[in-house]
Each structure stands twice: as structure tokens, then as C-alpha cells.
Amino acid sequence: MLRCSFDHEIIEGLCTMVKTKNDLSPLNKFTAKELPKDNIKILQDLDLIDSEMKFTEKATPVANLLSNPYAVAKVFFTGGVGAYEHSIIYDEKFSKHVSLTVAPDAVTIDDEMEPGSIVEILEDLIGRSNLKSVNIKQVFSVDEALVVAAMLDMERKANLRAFVDEIPFTSNYYTASNIWRIIYSTTPSIQWFVYIINEIVGSNTTLTLQQVETAIKQLAGKGVVTENGSQYRLSADMSLLSGRMIVVDNVLSVQASVQGKNNEIVNSGFTCVQSGVHDLLFLDYNNKDVIFETISSVRLKDYLLHFFNAEACFPKLLA
């Protein structure tokens, strides 16, 4: 049994003792640095390293698994309670696993924590309900997703201004130039859907005005926006979504990664944006399209349980 917590300086020092790491290793996120003498004493007292600066018999299997995993299930959680990353690292037979939790002020390693227990912890942060405030399910191209995200962000700002000014809110019309400007100028923050979509896609996609206009026409054909001359407004459901998600409380991203038959990395995952216990927007990208779907917190828990069930998740990825 090995369970210990220490600051980032110590995990960076331990990385200097790791000889090799594969592409899946969660240790890749740390910069290897020499261990200060006082930290050496801490690690020796924990029975993690010996007098020759080598991993002890207790620590060696954990270090080997952390540095060369076969599969990893990982969740990133960012919100009002802070930000942390939790990973479950598996061997090839899924007979051994280690959890690694990275918080702003500490790193925790645990070789006995059950993978599913992280879902219970997340449920305390997310809440539990079978209800959702609005029913939306749409599949968009990346261009369309960015246009919708920009319009949602503008509507959310308008909603907030109306609240502050104590005036009734009415859904607004926007020009293609308004939308293009938001896509082009959005700051990196989890409060903005444009930023979140770019993070999901994996690139900062800056559309031309013509691409924005083309995407708007496509969205109009899907009934997601309505036209009034050269101005455009979100559909009633989408406008309602903007009102329910004025402030983003949490962003949760899940990724499962496993080595394929030719040692390639196979990935799957999703992102969920939350404003309240009944206001969750599930976002998924399949390298072509972006899915927007409102879900209940209970359904989100089901998705999480699937990703942290190694026997169910990883064979399906490799199928």
C-alpha cells in the first residue's frame, strides 16, 4: 500500500529518478529538477527512496506504472472550488492501477483508491438531479460551433447587463461582423464558450468573415438561428440556454487514452460545461463535428462511470 501527498517540488525531484517515460505517462507534465536535501529526508521517511537515491521496493512498482502506463483515464476539473487533475493509470492487464491527483498546492499518489470513487467525489461538486432546464441536441461543424458559441457569449453578456440595469431582457439580433469580432477577440477564460470550443478542437480557429457568413446560413437552415435582413438571432431554445448559463461554474473534461496494437495512442473523451445542477452542456468533438447536448447531472455521472471502468472503456476504444 502506498498513499502519500507532497508539493510539486518533490514530484519534480522524483522525475529525475525516472529513467524512461512513455507518451502516456502523467509525469510528462512535470519538469525534472534536482531534489533539495530537506525533501530527500521527507521521501526517505516515507520509505519512497533509499540512501542510494533509488526507489525502494515499495515505491518501485508504482514508479514503473506511473512512468510507463498502458492506459490512462483522466479528468480535469476547473471551477469555483479550484482546479485539479485526477488520473487513473493502468498496466496492460488492468490488474494494477495507481491514482495521481494534481491540485494547485499538492500531488497525491494512491495505489489502492478504487477508480470509481473519483466519480463520487465529483458528484459532490456537480450535484445530482435527473432534471435539465432546457432540451438541446445539435451536431455542428467546427465553423458552426464557433458561430453558435460567439452568439451564446453575446447573449450571456446581454442577459447580465439587463440584470444589472434592472431592465427586461429580450433576445438580440447580431450581424456577421459582430459574431466574427467575438470569435477573433475572445480572451482565454472558461467563462467564454468560444474559448472552450477552441480548447476542445485543439486549435485557436480564427474564421474569416466569409466563413462566418457561410456558417450562419447553414445554421439558419438547421433552425438554430433566424434571419432578419443582415442580422441574426438565436433560436428560442438556444437563447434560453444562454440565460441559464450566464456564469460558468465548472468545466469538466474527461479523456481515456490507451496504447493501440502498433503502440499508437488511441483517445476518447468529452467536455461538460456547468452553470447549475440543472444546467449542463455536454460537448464532444470527433475530429469533424462538435456535439452540443444538454444533459442531467445523473447522466453525466453515468458517462464518468463508463470512463473510469477500465474493462468497459478501453476494449471499446481498441475495437
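None of the figures in this text is laboratory data; all of them are computed from the coordinates on show. Note that the structure is predicted; figures quoted are calculated from it, not measured. Virtual Cβ from ideal backbone geometry, glycine too; neighbours counted across all protein chains shown.
Please list, by residue number, every one of the GluC sites (Glu not before Pro) in region 148-208 that is coil in DSSP and has at most 13 other beta-carbon atoms within 10 Å.
Taking region 148-208 and a limit of 13 other Cβ atoms within 10 Å, the loop GluC sites (Glu not before Pro) found are Glu166.
When only DSSP loop residues count, what GluC sites (Glu not before Pro) in region 78-137 have their Cβ near at most 16 other Cβ atoms within 10 Å?
Those satisfying the criteria are Glu92, Glu112.
I need Arg3, Arg156 ordered by Cβ neighbour count within 10 Å, fewest first.
Arg3, Arg156
On a straight-distance basis, which lysines could pair with Lys301 in a cross-link, Cα separation under 21 angstrom, same-chain partners fewer than 8 positions away excluded?
Lys74, Lys132, Lys137, Lys316
Provide Ser235, Ser177, Ser141 in ascending order of the number of other Cβ atoms located within 10 Å of each residue's Cβ, fewest first.
Ascending number of Cβ neighbours within 10 Å: Ser177, Ser141, Ser235.
Which residues' amide hydrogens lie under 5 Å from the amide hydrogen of Ala71, considering only partners 5 or more residues apart or on another chain, with H built in the peptide plane?
Result for Ala71 returns Tyr90.
Can you tell me which lysines have their Cα less than 22 Å from the Cα of Lys33? Leave out same-chain residues fewer than eight positions away.
Lys19, Lys21, Lys41, Lys54
For Tyr174, enumerate residues with amide H under 5 Å from its amide H, sequence gap 5+ or separate chain, H modeled in the peptide plane.
Excluding prolines and chain starts, which carry no amide H, the hits are Tyr232, Arg233.
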